[in-house]
1. So ASP163 ticks every box in (1) of a type in the set (Asp, Glu); (2) more than 20 Å from LEU234 (Cβ to Cβ); (3) surrounded by 14 or more Cβ atoms within 10 Å (Cβ to Cβ); (4) touching a helix residue (DSSP H, G or I) at 6+ places or on another chain (Cβ under 9 Å) but one. Which box is left unticked?
2. Return the pair list, or none, for Cβ contacts closer than 7 Å from residues in segment 2-14 that are assigned to a helix (DSSP H, G or I) to residues that are surrounded by fewer than 23 Cβ atoms within 10 Å (Cβ to Cβ), at least 6 apart or on different chains.
3. What pairs can you find where one residue is in segment 125-143 and within 21 Å of GLU166 (Cβ to Cβ) and touching a residue at least 40 places away in the same chain (Cβ under 8 Å), the other is among the hydroxyl-bearing types (Ser, Thr, Tyr) and part of a helix (DSSP H, G or I), and their Cβ atoms are less than 6 Å apart, with a gap of 6+ or different chains?
4. Would you confirm whether or not segment 171-188 contains a residue that is surrounded by fewer than 20 Cβ atoms within 10 Å (Cβ to Cβ), of a type in the set (Gly, Ala, Ser) and closer than 29 Å to MET102 by Cβ?
5. Given VAL61, VAL83, VAL50, VAL88, which one is modelled with pLDDT of 95 or more, out of contact with any helix residue (DSSP H, G or I) (no Cβ under 6 Å at 6 or more places or on another chain) and closer than 24 Å to PHE24 by Cα?
6. If only one of PHE39, PHE34 is out of contact with any Gly (no Cβ under 8 Å at 6 or more places or on another chain), surrounded by 17 or more Cβ atoms within 10 Å (Cβ to Cβ), under 25 Å from VAL215 (Cα atoms) and not polar (S, T, N, Q), which one is it?
Amino acid sequence: MKILASKFLYPKDLPNLENVLTPFKNTSIQLSFFQRTDFLLIDHKKIKEVCNFLNIGIPTVHAPTVDVFHQDFLQILGRIKEVYDIEVISIHPQKGESNEAMKKFEEYAKAIEDLGITLAYENFPSYVSKRKWINLPAEMHSKFNLLFLALTFDTSHLDEPADCIEEFDKVSEKVAVVHLSDASQGKEHLPLGMGCVPYKKFLNHLQAKDFSGCVVIEYMEEFESKLIEDTKELAVEFK
C-alpha cells in the first residue's frame, strides 16, 4: 500500500500555486477537487507542471461533484486521465436512483474501459441515504458488478468508525482507495488519535492483508500541517 495526503485545490489557489503546494514537496498526494464548475475553470496542466517541479507524486485523483447522471461526467473523467495519467479516481455518489445509475454505467462501460480507469465510489453514513444513489459499503459491494467500479473506503463516513477493520473486511476485495481519518462525537476527518478509529491496528491489518491500493490521510483543512506531519510519519512506519 502507498500512504499519501489528501490535498484539495480551488481556483483561488492558482495564482500562488507553488506556495500552496510547497508544504507537500517530495511527497505523494491524492489531488482533490470540490465543485464541478471550479474544476472546469482550473488550469490542470499548470497544476501538473508545479507538482512535477516540486516532486509531488499524484497516484490518484478525487473527482469534483460530478456523477454518472451529469452531462459533463465523461468529459471530466477524460480530462483527469489526460492530464494526470492515473488509473484510480475517487468519486462521491450524488443524488439519483441506483438502478438508473447502473444502467448508465452499462451504457458508458466501453468509454470508461477505454480510458483505463477505475471509479472508486466513496461510502457515506446511513443518514445520507436520501441524498445519494448509493452510500453504504455493503451496497457498493453487492451492486458493483462492472470491473471498473470499486470503493473508496472512508473510515470517518462509517456508521461506526471504531469498527473499521470489521467493516473493511466485508468489502475488501472491491476497495481501491482508503480514506483514513478519525471521528469523534459526530465530527469527521479529524487528525488520527483524536477519535475512536484504531488507525495503527487498521494499518497493520491492511499490511497483513497485502492491500495494494492507496491509503489517503484526509483531514479538515484547518489541520493541514498535522496532515503533512502524520502522512510522512506513517509513510515511513508502514512502508
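The values are calculated or read from the model by the stated rules, or taken from the named source; none is laboratory data. All values reported here derive from a predicted model rather than from experimental measurement. Note: ideal-geometry Cβ built from the backbone for every residue, glycine included; neighbour counts use all protein chains shown.
1. Of (1) of a type in the set (Asp, Glu); (2) more than 20 Å from LEU234 (Cβ to Cβ); (3) surrounded by 14 or more Cβ atoms within 10 Å (Cβ to Cβ); (4) touching a helix residue (DSSP H, G or I) at 6+ places or on another chain (Cβ under 9 Å), only one is false for ASP163: (4).
2. As it stands, the answer is PRO11/ASP38; PRO11/LEU41; PRO11/ILE42; ASP13/VAL20; LEU14/ILE42; LEU14/ASP43; LEU14/LYS46, since those pairs meet every condition given.
3. That search, which allows pairs on different chains as well, returns ILE134/SER98; ASN135/SER129.
4. Yes, because at least one residue in segment 171-188 is surrounded by fewer than 20 Cβ atoms within 10 Å (Cβ to Cβ), of a type in the set (Gly, Ala, Ser) and closer than 29 Å to MET102 by Cβ.
5. Only one candidate passes the filter, namely VAL88.
6. Being out of contact with any Gly (no Cβ under 8 Å at 6 or more places or on another chain), surrounded by 17 or more Cβ atoms within 10 Å (Cβ to Cβ), under 25 Å from VAL215 (Cα atoms) and not polar (S, T, N, Q) holds for just one of PHE39, PHE34, which is PHE39.
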